[in-house]
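Worksheet: one structure, shown below.
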């Protein structure tokens with residue numbers, strides 16, 4: 001029984017190391033999302049951080065400030081949602097079903 005426990009602990013340790021590697025790689029993976037038919041573009045990395053926001057110059061008008069702000073929020077939310085999905089997909093490759101779907105683990 002002891003050998004089985006040691007084997008399981010080694011597997012857990014290996015999985016933890018792999019999860020750390022994937023977390024490091026996620027910083028270099030990016031996703032993008034658009035709002036307003038491409039007028040606003042947001043790019044996020046796999047750590048759910050916004051890397052950049054691009055606004056088409058033709059829509060920068062003082063009288064349309066609220067619309068522009070709403071589009072920025074929409075693009076950012078889409079990018080963060082896509083980044084979350086990317087992180088979940090990458091981590092699920094490591095855990096291979098060991099962590100139930102929807103379980104919120106800090107940092108993942």
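No lab work stands behind these numbers, since they all come straight from the coordinates. Just so it is clear, the model here is predicted, and its values are computed rather than measured. Cβ atoms come from the backbone with ideal geometry, glycine included; neighbour counts cover every protein chain shown.
For this structure, a couple of remarks:
- The GNM of the chain, with springs linking C-alpha atoms under 10 angstrom apart, assigns the highest mean-square fluctuation among 53, 39, 67 to 67.
- Cα gyration tensor category, rounded, prolate or oblate, for region 1-53 with a/c compared to 1.5: prolate
- Mean-square fluctuations from a GNM of the chain, with a 10 angstrom spring cutoff on Cα atoms, peak among 93, 78, 61 at 61.
- The C-alpha radius of gyration of region 2-95, expressed as a fraction of 2.2 N^0.38 Å, stands at 1.57.
- In range of the label at residue 67: residues from region 18-51 whose backbone nitrogen is under 14 Å from the point 7 Å along Cα→Cβ: 36-40
- For the chain: relative contact order, % (alpha-carbon pairs under 8 angstrom, 6 or more apart): 26 percent
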